[in-house]
Each structure stands twice: as structure tokens, then as C-alpha cells.
Amino acid sequence: MKRSAITTYRLCLLLTIGSASAVEILNSNSNPIGTVHFIEQQLDISVEIAASQSQREQGLMHRTGLGEKQGMLFAYPDQAIRSVWMKNTLLPLDVLFINADGRIVAMLENLQPCRHDPCPIFESKKPAMYMLELNAHFSKIQQLKIDQRLQLVNTKK
């Protein structure tokens, strides 16, 4: 199987969306919208999905606001140690690292915007296929835990 086909398959399997939608997500230049369901909390949040390299590079840079139940899901083609930095990010964030099974493997809480170069780089320390950026303190307020399972329940353009 080609790498892009494997990536599409994995994204479909984890995120429980149709294969046509997964191909759209991986090939799109605009960020599709999805809903992440926190199973234990019975909570849904709306997310932009950053699946292409350019979408992941841009992330939440230069944004001045993020709704209480909004975030950005970064989807990668493989499972590996992931890193994040806060350069040009104006909002404090919580970052969840999620493995191919949809489980939280690491969390970074209350990362503050970087105001001076060089900006520190933060790592997942455990392999992850997805990274979810949320408003700071979301993890604490919702009492998120390592090994908790998440699910993307739908997407739309």
C-alpha cells in the first residue's frame, strides 16, 4: 500500500469518518471542521483539522481567540514523538498528544505564548499520531487523564 493510502486508512479507522472525507482532509488546503468527543466527560468540541504540512505549520498562529469548546486537531501520517512551540501563537494553550488508538499519551498544560526568540520546543515524550490544541486550563477543568480515549465523530467542509 502507498503511504498516503495507509494514512487515509488509519485516519478513517481512528476518526470513524468515511474514506472520501479522509481523502478530502488529507488533500485539502483549507481546514475542515470536525467534532472531538471526550468519551469519559460526554463532551463534544468543534475542531479545525490540520492534516497537511502547511496546515500543521500554520496551526493557531496569529489567532486572537478560540471558543470555549473549540480547538485544532493536527493529524500526522505516522506515529512518532511530536513537538510543538508557541512562536507567533497569541493564546495560552493546552496540548494533548494522542496515539493511533485515540488515547491521550501526553499532555502539556497552560503553554504560554512565546514573546522572544528562540522559542522553547516541547515534546510529547511518547509517540503520537495526533495533537489537539485547546484553550489553556481545558485539561484541568475537564479533568482529562493520560490513557483517556477520544473520538472524532464527524467532519464537514
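Looking at this model, which pairs from Lys87/Lys125; Lys69/Lys140; Lys87/Lys140 are more than 22 angstrom apart at the alpha-carbon?
Among Lys87/Lys125; Lys69/Lys140; Lys87/Lys140, the Cα-Cα distance tops 22 Å for Lys87/Lys140.
Have a look at segment 46-103 and give its Rg and Dmax from the Cα atoms, expressed in angstrom.
Using the Cα atoms of segment 46-103, the pair Rg, Dmax is 11.6, 32 Å.
Sort Tyr130, Tyr76 so that the residue with the fewest other Cβ atoms within 10 Å of its own Cβ comes first and the one with the most comes last.
Working: Tyr130 26, Tyr76 19.
With the sparsest Cβ surroundings first, the list reads Tyr76, Tyr130.
Once you put a point 7 Å from the Cα of Gln143 and another 7 Å from the Cα of Gln70, both along the Cβ direction, what distance in nm separates them?
Taking the simple label geometry, Gln143 and Gln70 are separated by 2.8 nm.
Could you go through segment 93-105 in sequence order and give the Karplus-derived ³J(HN,Hα) for each residue, using 6.51 cos²θ - 1.76 cosθ + 1.60 with θ = phi - 60°, rounded to whole Hz, and x for Gly and Pro?
Each residue's phi maps through the Karplus curve to give 9, 9, 10, 9, 9, 10, 7, 5, 8, x, 9, 5, 9 Hz.
Could you put His137, His116, His37, His62 in order, starting from the residue whose Cβ has the fewest other Cβ atoms within 10 Å?
His116, His62, His137, His37
Set the Förster radius R0 to 25 Å, insert the Cβ-Cβ distance between Glu109 and Ile39 as r into 1/(1 + (r/R0)^6), and round the FRET efficiency to 0.05.
0.80
Straight-line reach from Lys145: which aspartates and glutamates have a Cα under 18 Å away, not including same-chain ones fewer than 8 places off?
Glu40, Asp44, Asp94, Asp101, Glu109, Glu123, Glu133
Could you give the semi-axes, largest first, of the ellipsoid that matches segment 29-76, computed as the square roots of 5 times the alpha carbon gyration tensor eigenvalues and rounded to whole Å?
20, 13, 8
We did not get these values from a lab; they are worked out from the coordinates using the rules stated. Computed from a prediction, not measured in an experiment: that's the story for all the values here. Every residue, glycine among them, receives a Cβ derived from its backbone with ideal geometry; neighbour counts consider all protein chains shown.
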